[in-house]
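K.L.:
One structure follows; several queries about it will come next.
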Amino acid sequence: MMNVKILFATLLLSIVGFCQSPETKKLNLDFEEHKGDYPINWENFGNKKYKIYTDSVNVKNGKYSVVIESDANAGGFKALAFNLPSNYIGRQIRLSGFIKTENVTDGFAGLWVRIDPDVAFDNMAAKNINGTTDWQEYEIILPLKHEKTKNIVVGGLLVGKGKMWLDNLKVTVDGKDLDSKYLESYVRQIMPAEKDKEFDKGSNIVFSDLNSEKINNLELLGKIWGFVKYHHPEVGKGNYNWDYELFRFLPTYLNATNAEERDNLLNNWIDKYGKVAVCENCKATPRDAVLKPDLSWIDNSKLSQNLKLKLKEVYNGRYQGVNYYISLHEGVGNPDFTNENPYVNMPYPDAGFRLLSLYRYWNMINYFFPSKHLADKKWEAVLKEYIPKFLEAKDELTYELAALQLIGEINDTHAGLAIGNDKILEFRGNNYAPFRVEFVENKLVVTDYFNPELIKETGLKIGDIITHIDHKSIETIIDSLKSYYPSSNKSAMLRDISMDLLRSSKNKVHLNYISNKQSKQKEITLYDRKQLNMYYWYKVDENQPCFKLLDGNIGYITLANIKKDDIDEIKKTFKKTKGIIIDIRNYPTTFVPFALGSYFMSKPTSFVKFTKGNPDNPGEFTFMEGPKIESDGNRYKGKLVVLVNENSQSQAEYTSMAFRAVKNSLIVGSTTAGADGNVSEIYLPGNLKTWISGIGVYYPDGKETQRVGIVPDIIIERTIDGVIKGKDEVLEKAVQILNGL
C-alpha cells in the first residue's frame, strides 16, 4: 500500500492547489445535489477506469449516496476530492462519514484528509477496510496549523477492486460546524515571494562549455546564494522568490569573463536587495556551542576584498524575525523548511532547476543539519563535485539517481527518496524472489519465505548462502549499489540493500548459492510483489498479545504491536517476575519511553539530551536538556534486558536509550541503524521528497548516537546455523542472562 499512498499524495498535490471562498463554493458533503448522476462541486482523480456516480437505493441519510466502483481489471485507486472553502483557526479538524463496501479486494476503502502544504495527511490505510461491510461511521482527526496551511482537502478513496458507498460526510473544527458563526477563518498573508510566477514554466537557463572555471564559479554562486537566503533580512521577510532571483542572475553571471567581473556582478547583485544595517539584537555564538557558523570559506576564497566585506556585512546584519524560508518545529526544534516549492509539474526539471535543487539541498544541510560534522566526506567538498552530475543528468532517472547519491553523502539512515523516485522504482522493477534474504555472518542468506508454498518450486532452503546474482558476486553488487542507499552505518546499508538484491523487472534471475556445503546454481522465477506476502522489516501479528510469560518466570514484551492499553496490564502481570525482556528489534507501534519507562525508575532520570539549530544564526547548534523519565511509584525490582539490532531505528533507538538509563538493565544484540531524532522534510524540484534527522541526539554525558547507533552491552549476532535451526539466539542469550547463566 505504501506506493499507492505516495502516488495518491503526489497526484493530490498537483491538482488541488486552491481554496474558494464560502460565497463561491457551496458545501455538498451529503451528495444530495448532483448534475446527472455526479455530485456537484466534487473533483476526482486516479484511474479513469473507475466509475463515480450517485445512488438513490443504498443510502444512509437523505436521498442519495455516492459510489466509487472499480472496473474488474482496474488497478491503482480512485479518489473523490473536495476543497474546503477556507482555512480555519483551531486546534484540530475532524472529518466523519459513513462507508459501505462490497467485495473490496487488493486494497481498502476510506475517508481521507490532506492539509497542504504537507501539514498533515491520513487516508485510513491503517484501518484496512475491505471485503463486504454494511454502513459504518468512520472519522479522521488531524491537527490544524492555520499559519502554515494553504488549503484543506477532504474526500473518499477506493484502492484496489470492488465498490464503496459514501454518505453524510461532515467536517468540524474543534467541534464547530463549518457554517458556525463561532468558527473563524484564517486569511494567510500572501508574500511577494509567492506572487512571483515568472519562471513557473521553466528557468530558460542553458549551460554550455562546463569547464573547470565555470564549475568553480557555480560552486561559489551556490554558497553565496544560500548564504544570502538564510541571512539577508529582505529575503528572510519573504520579499523575494529566492529561487527565481537565481534564474534572473544566472545568465549574466555565466557570461563573466574573469574573476574581477564575476565579483563585481556578485557585489552588485547583493546590493540590489538593499543595504544591510548592523544587527542590534544579534546574539554572539555561545562558546559552548556544539557546532558554530563557519565563515572561513569567505576568508579562504579568492574573492575581492569588497565582496568579502559585503558578505560579512550581511552576516553582521542577519535577519532576526520570522523567516520565510526556515523555522523550527514546535517542541523539539527540528528545522522546518517552509515555503519551498517542490515544482510537482516538473518530473524532469530543466538544467536551471536541477542546479537549484543542488543549491537548495546543499545549503539546507550546510546550515541546519545537526550531524553534518559526522559525514564521511567533508560537506565543503560536496557542492563542487555534484554540479556536473546535476547539470549533465540526461533524463528523469539520471536526475533521481544524482539526487539520491547527493542525499547519501550526509550518511543518515533517515534520508532517502520517499516521493519522486518513480523512475528509480521502475528501473529496479517490481518482481521479487519468493523468499527473504538478509546478511548473516556477512553472507547473503535465505532467512524466510514470503510464500512457503513456493519452497519446492524455487528450490532454495532456509540457510542457503547466495554468492552470485546473474553471475556477479554479492560483493561486487554491493559495491556498485551502496552509494544509492543512504545510511548511517554499514548495518543499516546492508539491511536496506538486501531488500532489493533479488528485485528486478525481469521474470527470472540466475543464482549461485551454497546449500549443505555444496555449490549449486539455479535460475529462479521472480513474482510480482502483489503475488507475495511481503513485509518490510519484520512480521507483526497484530492479533497476538504483545507480552507473555516465558519459562523461568521471565516476562517478554515486544514493542512491534504494543498498545497504550497494554502498559498497565504489563505492569500488573510482570510485577513478581525475576526479569523482563523488552524486544525493540522493530519499530514501536506506541511511544512508550515514559509510560513504560516509569515502571523501572525510582526517581526522575535523565537519559538523553539534544542539539538544535538556530535560524537567527544559521550553522549554530547548541545543547538543550532532554526530558526525564519519572517514577510511577511502583518500581520493578527485577532485571531488565533490551534486545536491539539493525532494525532498531529512530523511535526504537530513542526508546532503547530510555531503557538503558535503568540501573539494572542490559542492551543485548547488534548495532542499531544510527538515525535518531525527529525527522525534517525536504522537497526538491521535481517533487523529490527526502528527510534528515533534524536534531542531534546524545546521551546525557554528550556521547554521540547518530551513525554510532545504540551499541549493545553484550553483542550477540545471528548465525547461519541459528537461521537454519529457527533459533532466536539474541532472545536465548537474554533468557540465559536473566537465569544467571
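The values are calculated or read from the model by the stated rules, or taken from the named source; none is laboratory data. Source: prediction; values computed, not measured. Backbone-built Cβ (ideal geometry, glycine too); neighbour counts: all protein chains shown. The area values use the complete protein model at the heavy-atom level, side chains included, leaving out ligands, DNA and RNA. Shrake-Rupley method; radii C 1.70, N 1.55, O 1.52, S 1.80 Å.
K.L.:
Which condition breaks for ASP496 when tested against (1) over 25 Å from ASP721 (Cα atoms); (2) of a type in the set (D, E, K, R); (3) buried (at least 18 other Cβ atoms within 10 Å of the Cβ)?
P.N.:
Unmet for ASP496, out of (1) over 25 Å from ASP721 (Cα atoms); (2) of a type in the set (D, E, K, R); (3) buried (at least 18 other Cβ atoms within 10 Å of the Cβ): (1).
K.L.:
For residues that are assigned to a helix (DSSP H, G or I) and in contact with a Leu (Cβ under 8 Å, 6 or more places away or on another chain), scanning just the stretch 572-610, find the one that is farthest from MET624 (Cα to Cα). Full working, then the answer.
P.N.:
Step one: filter the stretch 572-610 for residues assigned to a helix (DSSP H, G or I), giving 572-573, 597-600.
From what is left, the residues that are in contact with a Leu (Cβ under 8 Å, 6 or more places away or on another chain) are 573, 600.
Values: THR573: 37, PHE600: 25 Å.
Selected residue: THR573.
K.L.:
Which one of the conditions (1) open to solvent by 100 Å² or more (accessible area, probe 1.4 Å); (2) modelled with pLDDT of 95 or more; (3) under 30 Å from LEU425 (Cα atoms) does TYR527 fail to meet, given that it meets all the rest?
P.N.:
(1)
K.L.:
Then there is this: Out of all the residues in the stretch 506-524, is one or more touching a helix residue (DSSP H, G or I) at 6+ places or on another chain (Cβ under 6 Å), farther than 27 Å from ILE407 by Cα, open to solvent by less than 20 Å² (accessible area, probe 1.4 Å) and not aromatic (Phe, Trp, Tyr)? Let's see the steps before the verdict.
P.N.:
The initial filter retains those residues of the stretch 506-524 that are touching a helix residue (DSSP H, G or I) at 6+ places or on another chain (Cβ under 6 Å), namely 524.
Right, trim to farther than 27 Å from ILE407 by Cα and you get 524.
Next, from what is left, pick out any that are open to solvent by less than 20 Å² (accessible area, probe 1.4 Å): 524.
If we keep only those that are not aromatic (Phe, Trp, Tyr) as well, we get 524.
So far as the stretch 506-524 goes, yes, one or more of its residues are touching a helix residue (DSSP H, G or I) at 6+ places or on another chain (Cβ under 6 Å), farther than 27 Å from ILE407 by Cα, open to solvent by less than 20 Å² (accessible area, probe 1.4 Å) and not aromatic (Phe, Trp, Tyr).
K.L.:
Looking at LYS571, LYS603, LYS609 in this structure, which one is of a type in the set (Lys, Arg) and open to solvent by 50 Å² or more (accessible area, probe 1.4 Å)?
P.N.:
Details: LYS571 fails: open to solvent by 50 Å² or more (accessible area, probe 1.4 Å); LYS609 fails: open to solvent by 50 Å² or more (accessible area, probe 1.4 Å).
Residue meeting the stated conditions: LYS603.
K.L.:
Now for a separate question. Taking the stated definitions as given, is LYS612 of a type outside the set (Gly, Ala, Ser) and touching a residue at least 40 places away in the same chain (Cβ under 8 Å)?
P.N.:
yes
K.L.:
Take the residues of the stretch 644-670 that are under 16 Å from TYR587 (Cα atoms) and more than 25 Å from the chain's Cα centre (by Cα): which is surrounded by the most Cβ atoms within 10 Å (Cβ to Cβ)? Step through it out loud before you land on a result.
P.N.:
Step one: filter the stretch 644-670 for residues under 16 Å from TYR587 (Cα atoms), giving 644-659, 669-670.
Filter once more, so that each one left must be more than 25 Å from the chain's Cα centre (by Cα): 659, 669.
Numbers: PHE659: 25, GLY669: 30.
Going through the qualifying residues, I end up with GLY669.
K.L.:
State all residues of the stretch 465-484 that are touching a residue at least 12 places away in the same chain (Cβ under 8 Å), farther than 18 Å from VAL445 by Cα and either crowded, with 20+ Cβ neighbours inside 10 Å or of a type in the set (Gly, Ala, Ser) (or both); if no residue qualifies, say none.
P.N.:
Taking the stretch 465-484 and keeping what is touching a residue at least 12 places away in the same chain (Cβ under 8 Å), we get 465-471, 474, 477-478, 481-484.
So of that shortlist, the ones also farther than 18 Å from VAL445 by Cα come out as 481-484.
If the condition is that a residue be touching a residue at least 12 places away in the same chain (Cβ under 8 Å), farther than 18 Å from VAL445 by Cα and either crowded, with 20+ Cβ neighbours inside 10 Å or of a type in the set (Gly, Ala, Ser) (or both), then SER483 is the only one that fits.
K.L.:
For the subset of the stretch 201-220 comprising residues that are touching a helix residue (DSSP H, G or I) at 6+ places or on another chain (Cβ under 9 Å) and outside any helix (DSSP H, G or I), which member is surrounded by the most Cβ atoms within 10 Å (Cβ to Cβ)?
P.N.:
SER203
K.L.:
Additional query: Would you mention how many residues in the stretch 383-403 are within 30 Å of THR705 (Cα to Cα), of a type in the set (A, V, I, L, M, F, W, C) and open to solvent by 10 Å² or more (accessible area, probe 1.4 Å)? Don't jump to the end; show me each part of the working.
P.N.:
So in the stretch 383-403, the residues within 30 Å of THR705 (Cα to Cα) come out as 383-386, 400-403.
In the following step, the residues that additionally are of a type in the set (A, V, I, L, M, F, W, C) were identified as 383, 401-403.
Now narrow it down to the ones that are open to solvent by 10 Å² or more (accessible area, probe 1.4 Å): 401.
Summing the residues that are within 30 Å of THR705 (Cα to Cα), of a type in the set (A, V, I, L, M, F, W, C) and open to solvent by 10 Å² or more (accessible area, probe 1.4 Å) in the stretch 383-403 gives 1.
K.L.:
I'd like to verify a number: residues in the stretch 693-722 that are open to solvent by 20 Å² or more (accessible area, probe 1.4 Å) and outside any loop (DSSP other than H, G, I, E, B), how many? Reasoning before the result, please.
P.N.:
Restricting attention to the stretch 693-722, the residues satisfying the condition of being open to solvent by 20 Å² or more (accessible area, probe 1.4 Å) are 699-704, 707-708, 711, 713-721.
Next, from what is left, pick out any that are outside any loop (DSSP other than H, G, I, E, B): 704, 714-715, 720-721.
Qualifying residue count, the stretch 693-722: 5.
K.L.:
OK, next. Looking only at the stretch 270-322, filter to residues that are open to solvent by less than 70 Å² (accessible area, probe 1.4 Å) and touching a Gly at 6+ places or on another chain (Cβ under 6 Å); which one of those is nearest to ARG248 (Cα to Cα)?
P.N.:
Among those that are open to solvent by less than 70 Å² (accessible area, probe 1.4 Å) and touching a Gly at 6+ places or on another chain (Cβ under 6 Å), it is VAL276.
K.L.:
Going by the conditions given, is GLU426 under 21 Å from the mean Cα position of the chain (by Cα), not aliphatic (A, V, I, L, M) and not in a loop (DSSP other than H, G, I, E, B)? Steps first, please.
P.N.:
Working: under 21 Å from the mean Cα position of the chain (by Cα): yes; not aliphatic (A, V, I, L, M): yes; not in a loop (DSSP other than H, G, I, E, B): yes.
Yes; evaluated as a whole, the condition is true for this residue.
K.L.:
In the stretch 404-423, how many are among the acidic types (Asp, Glu) and surrounded by fewer than 20 Cβ atoms within 10 Å (Cβ to Cβ)? Explain how you work it out, then say what you get.
P.N.:
Step one: filter the stretch 404-423 for residues among the acidic types (Asp, Glu), giving 409, 412, 422.
Of the ones still in play, those that are also surrounded by fewer than 20 Cβ atoms within 10 Å (Cβ to Cβ) are 422.
Residues flagged as among the acidic types (Asp, Glu) and surrounded by fewer than 20 Cβ atoms within 10 Å (Cβ to Cβ) within the stretch 404-423 amount to 1.
K.L.:
Give me a count of the residues in the stretch 671-692 that are open to solvent by 10 Å² or more (accessible area, probe 1.4 Å) and among the polar types (S, T, N, Q).
P.N.:
2
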